[in-house]
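Structure first, commentary second.
The values are calculated or read from the model by the stated rules, or taken from the named source; none is laboratory data. Keep in mind it's a predicted model, so treat the numbers as computed, not measured. With ideal geometry, Cβ positions are generated from the backbone for all residues, glycine too; neighbour counts draw on all protein chains shown.
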Amino acid sequence: MAVERVSLVGNPNSGKSSLFNHLTGLNQHVGNYPGVTVDKKEGFCLLEKGKRISVIDLPGCYSIYPRSEDERIVQSILTSPGLKEYPDLTLVIVDASNLERSLLIYTQVYDLGLPIILVPTMIDVADNEGIDIDFKKLAEVLGCVTICPVNARTGEGIEALKKAMLTYGNSHHSQPFIAIDDFKQTADKTRLLADSYRPNGKSNGQSTDNAFVPLFFDDPVTQGIETEIRYKKIRRLLGFVISKKQKKSTYSHLTRKIDALVTHPVWGYVIFAGILTLIFQAIYSFAEWPMNLIDDVFFSFSYTVKNWLPPGIFTDLLAEGIIPGVGGVVIFIPQIALLFAFIAILEETGYMSRVVFIMDKLMRPFGLNGKSVVPLISGVACAIPAIMATRSIDQWKDRLITILVTPLMSCSARLPVYTLLIALVIPDIAIGGIFNLKGLVLLGLYLLGLIAALGVAILLKWIIKAKQKSFLIMELPMYKMPRWRNILLTILEKTKVFVWEAGKVILAISIVLWVLASYGPAKRIENAVNSIPKPPVEEGLAWEDYQQQLNTVKLENSWIGILGKTIEPVIAPLGYDWKIGIALITSFAAREVFVGSMATIYSIGEDFEENDSLIDRMRTEINPATGQLVYSLGTGVSLMVFYAFAMQCMSTLAIVLRETKNWKWPLIQTAYMTLLAYLAAWLTYYLLK
Amino acid sequence: MNLSGKASDVVTTTLDQFELGQEGEIVHLDDNEYTAKLIDMGLFPGKRVKMLMKAPLGDPVGVDVEGYTLSLRLKEASSVFLKSV
């Protein structure tokens with residue numbers, strides 16, 4: 001039998017993903033299963049020169065009976081010979097230190113009649129725990145299965161495994177692992193079983209007495225009975241296979257000690273807060289220079305293109321639409337890569353499940369669970385990786401709520417907007433001698449985001465219907481050193497997903513916005529341009545000033561400018577004029593654009609931190625209708641509140657679409673966030689006016 | 001004295017009532033929406049379980065199941081009946 005397609009099946013934390021990484025290396029990619037939001041990890045493995053096989057890493061699961069969307073994929077692939085993903089060989093990865101529990105899924109895959117190689121991992125851990133396994137005997141009692149132990153950390157045993165795949169002969173399962181006979185012992189339940197018994201689709205109506213008959217049931221009660229029978233048989237068989245010896249090390253002892261500390265009522269939270277602080281500190285300090293670099297590179301690239309290509313629509317589109325659009329995607333890479341590096345480390349070491357453990361009870365009143373914590377907090381850096389990290393939440397409802405509220409957390413892109421507005425309207429006074437009012441306002445905005453996120457979560461908890469009952473029965477794995485290779489591959493995978501899947505949407509919207517901001521009714525623009533006095537010489541300060549004014553009137557009379565004026569009556573109750581309206585529309589794609597748009601509108605360079613001219617110019621702006629200052633305290637704070645709540649980030653929308661696979665959710669999210677932003681901003685303005 | 005030896009005659013406690021360090025053997029699982037998942041994770045009659053830790057707010061709890069650690073909410077733990085060993 002020539003093996004072409006191999007699937008990897010096993011418990012979470014069994015070393016399955018490490019094995020996948022060893023087999024495929026960089027020849028892996030993430031795809032989609034049709035109709036569901038589960039990632040499909042697949043790749044190629046070179047068994048020998050010229051022999052390439054495809055490998056699918058199926059989601060980690062404990063049983064063939066699905067309890068989550070991820071696990072449903074495993075069942076549907078392994079029971080559907082018609083699917084193109086249907087494997088002709090399955091590697092069942094079992095954790096040698098947890099053999100009994102890992103073997104459950106093996107016996108189920110075996111009873112599906114699939115050819116199997118059993119791959120025990122973590123033999124060194126088992127050895128340290130004093131568990132001695134006779135693999136020869138194990139193969140015997142499990143129906144003469146091929147066994148290839150590997151060390152998924154060091155890669156030891158991989159070559160032997162490849163050889164075994166290459167030379168894999170036809171499998172012949174003569175006996176099912178459990179048959180209808182095994183159910184007879186549960187006497188009072190036999191009738192129930194006879195009623196619900198449903199032969200697997202493959203059995204062609206053969207007689208059920210001796211033939212190989214996989215037993216698979218639909219209702220959870222019978223599933224439970226069957227699983228128990230399997231476990232008890234595994235337990236009995238393992239009695240012949242495993243011998244206990246002296247414990248060598250204190251791995252599990254060390255894990256207990258660390259657990260006592262990290263789940264401590266006080267120290268547990270202190271440590272968690274400390275780790276978070278470290279992570280954000282690192283993200284802000286390490287991500288800043290590559291982000292500035294990316295910004296500079298794209299800026300000069302666009303500048304060069306504009307200067308070197310002949311002027312025209314195409315050049316403008318390239319230089320002002322496409323290149324900045326691509327730049328707007330690439331700029332997120334440092335943050336995404338760093339955040340995922342840290343999340344991967346937390347997961348690899350096993351600490352993540354302890355975070356879930358100590359946070360679960362706190363999050364439940366909000367319709368969230370312990371697994372929502374890290375995505376939610378990651379949202380303070382950037383909502384994009386945060387939403388991508390919600391994958392780990394099994395329950396769809398909990399995951400959806402987390403996705404919908406995470407963008408309310410104040411991300412780093414809001415910071416330039418807040419900084420500008422705080423500098424503009426908040427007086428520089430000290431409160432209580434130590435706290436600066438400006439700092440307090442900034443802190444308040446972050447808190448506002450958190451409160452809004454939790455509040456909306458409570459509401460959504462009542463509105464969204466659960467597909468399944470929420471539960472949190474999970475393993476707390478032993479602490480391990482992270483495997484850097486896995487972390488590197490995770491970063492690569494997540495970055496690739498973002499750039500390709502979100503990039504398409506972002507680029508498209510960037511181009512649309514560029515067109516709307518660059519064009520308008522020709523006559524109108526022409527008249528406006530002609531009305532500015534042109535300086536006699538095309539150089540010097542006067543000329544630069546003329547250029548800036550030119551940009552201003554062009555934007556004012558573009559389609560976006562017209563739109564900004566059109567929405568003025570709608571935003572007037574928030575304290576905004578049409579100029580702010582323009583900035584709101586241009587920053588729909590990315591909130592930080594607000595600062596740049598303001599600079600264009602007021603014909604001033606946008607580096608407001610080094611140069612006070614933008615702030616000075618905005619501060620003295622007078623509303624012609626009322627004769628009052630435009631940027632009063634009310635308007636300024638109202639704008640901050642608006643930006644705290646409004647979606648204003650199409651990269652996030654693109655990722656939400658990708659993660660929910662349904663246009664409905666990003667649209668609902670934009671609608672509710674904009675509405676919330678509008679109402680809160682209106683209230684703020686009304687109170688402070 | 002009843003000699004039938006039915007499980008119902010054994011004094012049982014549910015897992016959510018366990019003190020830290022307390023050990024027991026599972027005799028029965030309540031039939032509810034968690035049962036199948038609990039069995040999947042290796043909690044079935046005959047298994048020995050020890051209460052290892054409790055989250056700061058008392059819920060969820062962490063238990064040792066003959067060598068590995070499971071975390072479960074009190075609500076889920078309350079469907080696991082154990083006898084002392």
Subject >> Enumeration of residues in the stretch A:356-391 that are of a type outside the set (A, V, I, L, M) and either touching a Gly at 6+ places or on another chain (Cβ under 9 Å) or closer than 17 Å to A:PHE498 by Cβ (or both) >> reply: A:PHE357, A:ASP360, A:LYS361, A:ARG364, A:PHE366, A:PRO375, A:SER378, A:GLY379, A:CYS382, A:PRO385, A:THR390, A:ARG391
**OP:** Considering each of A:ILE336, A:ILE345 in turn, give the residue that is in a helix (DSSP H, G or I), under 21 Å from the mean Cα position of the chain (by Cα) and farther than 30 Å from B:LEU70 by Cα.
**Re:** A:ILE336
Original post:
Do you know which residues across the stretch A:108-118 are crowded, with 23+ Cβ neighbours inside 10 Å and either within 13 Å of another protein chain (Cβ to nearest Cβ) or under 17 Å from A:SER17 (Cα atoms) (or both)?
Top reply: A:GLN108, A:LEU118
**OP:** Return the total of residues in the stretch A:253-298 being charged (D, E, K, R) and within 14 Å of chain B (Cβ to nearest Cβ).
**Re:** 3
Original post:
Name the pairs whose Cβ atoms lie under 8 Å apart, with the first residue in the stretch A:452-480 and within 14 Å of another protein chain (Cβ to nearest Cβ), the second of a type in the set (A, V, I, L, M, F, W, C) and part of a loop (DSSP other than H, G, I, E, B), and 6 or more positions between them or separate chains?
Top reply: A:ILE473/B:MET41; A:GLU475/B:MET41
Subject >> Residues of the stretch A:37-55 satisfying the condition of being in a strand (DSSP E or B) and closer than 20 Å to A:ARG658 by Cβ >> reply: A:ASP39, A:LYS40, A:LYS41, A:GLU42
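Can you tell me which residue is surrounded by the most Cβ atoms within 10 Å (Cβ to Cβ) among those in the stretch A:360-375 that are among the hydrophobic types (A, V, I, L, M, F, W, C) and part of a helix (DSSP H, G or I)? Quick ask: steps written out before the conclusion?
First pass over the stretch A:360-375, keeping only residues among the hydrophobic types (A, V, I, L, M, F, W, C): A:362-363, A:366, A:368, A:373-374.
Narrowing the set further to residues that are part of a helix (DSSP H, G or I) leaves A:362-363, A:366, A:373-374.
Numbers: A:LEU362: 15, A:MET363: 20, A:PHE366: 21, A:VAL373: 21, A:VAL374: 27.
Here the residue is A:VAL374.
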Original post:
Is one or more of the residues making up the stretch B:10-30 within 8 Å of another protein chain (Cβ to nearest Cβ), more than 10 Å from the chain's Cα centre (by Cα) and part of a loop (DSSP other than H, G, I, E, B)?
Top reply: no
Original post:
Can you tell which of A:LEU99, A:LEU91, A:LEU58 is at pLDDT 90 or above and within 10 Å of chain B (Cβ to nearest Cβ)?
Top reply: A:LEU99
Subject >> Some residue of the stretch A:376-397 being part of a helix (DSSP H, G or I), modelled with pLDDT of 85 or more, basic (Lys, Arg) and surrounded by 24 or more Cβ atoms within 10 Å (Cβ to Cβ) >> reply: no
Subject >> Residue within the stretch A:121-130 that is within 33 Å of the chain's Cα centre (by Cα), in contact (Cβ under 8 Å) with a residue 60 or more places away in the chain and buried (at least 23 other Cβ atoms within 10 Å of the Cβ) present >> reply: yes
Original post:
Only one of (1) away from chain B (no Cβ under 13 Å); (2) at pLDDT 80 or above fails for A:THR250. Which number is that?
Top reply: (2)
Subject >> Within the stretch A:439-482, tally of residues that are aliphatic (A, V, I, L, M), crowded, with 16+ Cβ neighbours inside 10 Å and under 30 Å from A:ASP124 (Cα atoms) >> reply: 5
Original post:
Of all residues in the stretch A:1-41 being within 18 Å of A:SER80 (Cα to Cα) and within 21 Å of the chain's Cα centre (by Cα), which is modelled with the highest pLDDT?
Top reply: A:LYS40
Original post:
Of (1) in a helix (DSSP H, G or I); (2) within 13 Å of chain B (Cβ to nearest Cβ); (3) crowded, with 22+ Cβ neighbours inside 10 Å, A:PHE20 satisfies all except one. Which?
Top reply: (2)
**OP:** Could you figure out which of (1) over 20 Å from A:SER638 (Cβ atoms); (2) surrounded by 18 or more Cβ atoms within 10 Å (Cβ to Cβ) isn't true of A:VAL425?
**Re:** (1)
**OP:** Just one of (1) closer than 25 Å to A:GLY596 by Cβ; (2) at pLDDT 85 or above; (3) crowded, with 19+ Cβ neighbours inside 10 Å trips up A:ASP295, so point out which.
**Re:** (3)
Original post:
Which condition does A:LYS257 not pass, out of (1) without any contact (Cβ under 8 Å) to a residue 40 or more places away in the chain; (2) closer than 30 Å to A:MET359 by Cβ; (3) within 30 Å of the chain's Cα centre (by Cα), if it passes all the others?
Top reply: (3)
**OP:** Return only the number of the condition from (1) within 22 Å of the chain's Cα centre (by Cα); (2) within 14 Å of another protein chain (Cβ to nearest Cβ); (3) loosely packed, with under 15 Cβ neighbours inside 10 Å that A:LYS496 does not satisfy.
**Re:** (2)
**OP:** Kindly list, by first and then second residue, each pair from a residue in the stretch A:407-424 that is farther than 21 Å from A:THR670 by Cα to a residue that is charged (D, E, K, R) and not in a loop (DSSP other than H, G, I, E, B), limited to pairs with Cβ atoms under 6 Å and residues at least 6 apart or on different chains.
**Re:** A:ILE422/A:LYS438
Original post:
Limited to the stretch A:69-88, what total is found for residues that are crowded, with 19+ Cβ neighbours inside 10 Å, within 14 Å of chain B (Cβ to nearest Cβ) and not aliphatic (A, V, I, L, M)?
Top reply: 2
Original post:
touching a residue at least 12 places away in the same chain (Cβ under 8 Å) and aromatic (Phe, Trp, Tyr) - does that describe any residue in the stretch A:663-677?
Top reply: yes
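Mind checking whether some residue in the stretch A:581-593 is β-branched (Val, Ile, Thr), at pLDDT 85 or above and crowded, with 16+ Cβ neighbours inside 10 Å? Don't jump to the end; show me each part of the working.
Filtering the stretch A:581-593 down to residues β-branched (Val, Ile, Thr) leaves A:582, A:585-586, A:593.
Narrowing the set further to residues that are at pLDDT 85 or above leaves A:582, A:585.
Keeping just the survivors that are crowded, with 16+ Cβ neighbours inside 10 Å gives A:582, A:585.
Taking every residue of the stretch A:581-593 in turn, at least one turns out to be β-branched (Val, Ile, Thr), at pLDDT 85 or above and crowded, with 16+ Cβ neighbours inside 10 Å.
Do you know which of the residues in the stretch B:53-75 that are closer than 15 Å to A:MET474 by Cα and more than 7 Å from every other protein chain (Cβ to nearest Cβ) is surrounded by the fewest Cβ atoms within 10 Å (Cβ to Cβ)? Even if it seems obvious, please write down each step before you answer.
Looking only at the stretch B:53-75, we keep the residues that are closer than 15 Å to A:MET474 by Cα, and these are B:53-55, B:59-65, B:67-75.
Narrowing further to those that are more than 7 Å from every other protein chain (Cβ to nearest Cβ): B:54, B:61, B:63-65, B:74-75.
On the way: B:LYS54: 19, B:VAL61: 22, B:VAL63: 25, B:ASP64: 18, B:VAL65: 20, B:LEU74: 17, B:LYS75: 15.
Applying the filter and picking the extreme gives B:LYS75.
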